[in-house]
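Input: a single structure, listed below in C-alpha cells.
The values are calculated or read from the model by the stated rules, or taken from the named source; none is laboratory data. Computed from a predicted structure; not experimentally measured. Here the Cβ positions follow ideal geometry from the backbone for every residue, glycine too, while neighbour counts run over all protein chains shown. With ligands, DNA and RNA removed, areas are computed over all heavy atoms of the protein, side chains included. Shrake-Rupley method; radii C 1.70, N 1.55, O 1.52, S 1.80 Å.
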Amino acid sequence: MSFKVKVIGLSVLSALVILVILILNKKAMEEKVIVAKEYSYEVVVVNPSIEEIKDDITIIGNVLPNSEVNLISETSGKVLAVKVNIGQRVSAGEVIAKVDDELKKAAFMTAKVNLEKAKKDFERIKNLFNENNATQNDVEMANLNVTAAEAQFIVAQRQLNDATIKSPISGVITDKFINVGSTLAPGMSVVNIIDDRNLKVLLKVPENYINNCRTGQTVVIKSDLYPQKSLNGKIFSITPKADFSHNFNVEVVFKPSQRMPLKAGMFASVEIKSEQSRKALLIPRNAIIGSLKEAKVYTVVNNIAILKDIVVGKETNGKVEVIQGLNESDLVVVAGQNNISNNATVKITNK
C-alpha cells in the first residue's frame, strides 16, 4: 500500500471519529435539555385568609415637659445675685435673681410721695369747692392729677418689683443664662424652667389612623431603654387639622415613674389600640419578596410560578394585610420562593 493511500485512510478515519463524537455530544445535550425542561422546583403554598384585625398602631414620639418657660427679663440693670443653679427644683414665686434696684426704689418713693400729695390736693380743692371758694374746673383738674400720679406710682412699683426676678411656675432649672455681674436688658433670657411633674409625648398620627384616637383614651407607653416595662397614659388633645404630610398632632400625657424614669427629650413609643375590628385579606409575612413598600409575591398557576406586585397594609402577628393584587383563591408561595424565578416550573409539595 502506498503512502498516499495510507494518508487518505487516516484522514477518513479521523473524520469518522470526529463525526461520532459530535453525534454523541449532541445527544447528551438534548438529554440535558429534556431533563432541564422536566425539572420542577418544590414549593409550599397557602391561600390568603380573611381574618378580623384591629388597627392598633405604635408611633414613636418625643417626650416633652407638661409646660416649659423661657424666663425673660422685663427690667434692666446689673445682676447682684443669682439664687439658682441648673438642675435645681424651684417653686412658683421663688426668687431666681436680684437686679440693682437703687434707682428704681428712688423712683418708687418719688411716685408714692407725688400720689399722696395729689390726693391731699384733691381733698383740699374739694373742700374749697364745697365752700364755694373753688370752681368745678379746679376739682376736675385735681382729680386728673390724682389719676396721673396713680399711673406713675403703678409704673414705678412694677419696675421695682421686676428687679426681683421670680419663677412663674414650679419646676426644674434646665438652663441659666446670667451670672452675678451680668448686665440685663428687657427681653434677655434669664433661665429656662420645665415642669416635669407631668410629661407628655407628642405624636404625628397619619390620617388613616386618626379615627382610632379620641381624647381621654388610655394608651400604653414604652421605651427601648426599658424594654420590659411600660406606663399607661391618656390622649389629652388631638389637633383638628392635619399638617402638610397629612399627620395630626396628638398629645399623650402621663405621670413620671421611678419604675420607668422617662425624661424630657427622650423618645418613647405609644401603642394606640383600636376599639373596633374589621375584616382583612392576610398572607404570611415570609411570602413577601423584597420590602413592604414594593412588595411582591409568587403565585402558582398550572404549576408555573407567577411573580405579582401587591399593595400591603397593616402588619400584625406575623401576617401582612393585602390591599390590592390578590384574592382568596390564589396560591401564594411561602417556602421555596428563593429558588425560583418568574415563569419557572414548580411542584407544590403540600397540596
Sort 236, 129 from largest to smallest accessible area, using a 1.4 Å probe on the heavy atoms of the protein chains.
236, 129
Could you check the spin-label model distance between residue 316 and residue 150? Points 7 Å from the Cα along Cα→Cβ, value in nm.
6.8
Show 180, 322 ordered by accessible area, largest first, where the area counts protein heavy atoms only and the probe is 1.4 Å.
180, 322
On a 0 to 90 degree scale, rounded to 10, what angle separates helix 136-162 from the longest Cα axis of the chain?
50
Comparing 57, 154, 238, which has the greatest mean-square fluctuation in the GNM of the chain with Cα pairs linked when under 10 Å apart?
154
Which of [x] 333; [y] 139; [z] 150 is the computed volume of the Cα convex hull per residue in Å³ for the structure on display?
[x]
Go ahead and estimate [θ] at 222 nm for the chain from helices alone: -39,500 (n - 2.57) per DSSP H run with n ≥ 4, summed, over the residue count, rounded to 500.
-9500 deg cm²/dmol
Using a Gaussian network model of the chain whose springs link C-alpha atoms within less than 10 Å, name the residue from 49, 245, 67 with the highest mean-square fluctuation.
245
Evaluate E = 1/(1 + (r/R0)^6) for residue 44 and residue 274, where r is the Cβ-Cβ distance and R0 equals 35 Å; express this FRET efficiency to the nearest 0.05.
0.60
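Take the Cβ-Cβ distance between residue 308 and residue 92 as r, set R0 to 56 Å, and report the resulting FRET efficiency rounded to the nearest 0.05. Write out the running numbers ahead of the final one.
Working: r = 64 Å, r/R0 = 1.14.
Working from the Cβ atoms, E equals 0.30.
Would you mind telling me the share, in percent, of accessible area of region 172-293 contributed by carbon and sulfur at probe 1.4 angstrom? It would help to have the intermediate numbers written out before the result.
Values: 3680 of 7070 Å².
Of all accessible area on region 172-293, carbon and sulfur atoms account for 52 percent.
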Going residue by residue through region 327-335, the Karplus relation 6.51 cos²θ - 1.76 cosθ + 1.60 with θ = phi - 60° gives ³J(HN,Hα) values, rounded to whole Hz and with x marking Gly or Pro, of 9, 4, 7, 5, 9, 9, 6, 10, 8
What's the angle, to the nearest 10 degrees (0 to 90), between helix 3-38's Cα axis and the longest principal axis of the chain?
50
Inter-label distance for residue 74 and residue 132, nm, one decimal - labels placed 7 Å from Cα along Cα-to-Cβ
5.1
Which value in nm describes the separation of the simple spin-label points at residue 286 and residue 329, placed 7 Å from the Cα toward the beta carbon?
2.8
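Would you mind calculating the gained length between residue 198 and residue 161 on full extension (0.36 nm times residue separation, minus the Cα-Cα distance), in nm to one decimal? Intermediate results must be reported in sequence, preceding the final value.
Values: separation 37, 0.36 × 37 = 13.32 nm, distance 3.02 nm.
Extending this stretch completely gives an extra 10.3 nm.
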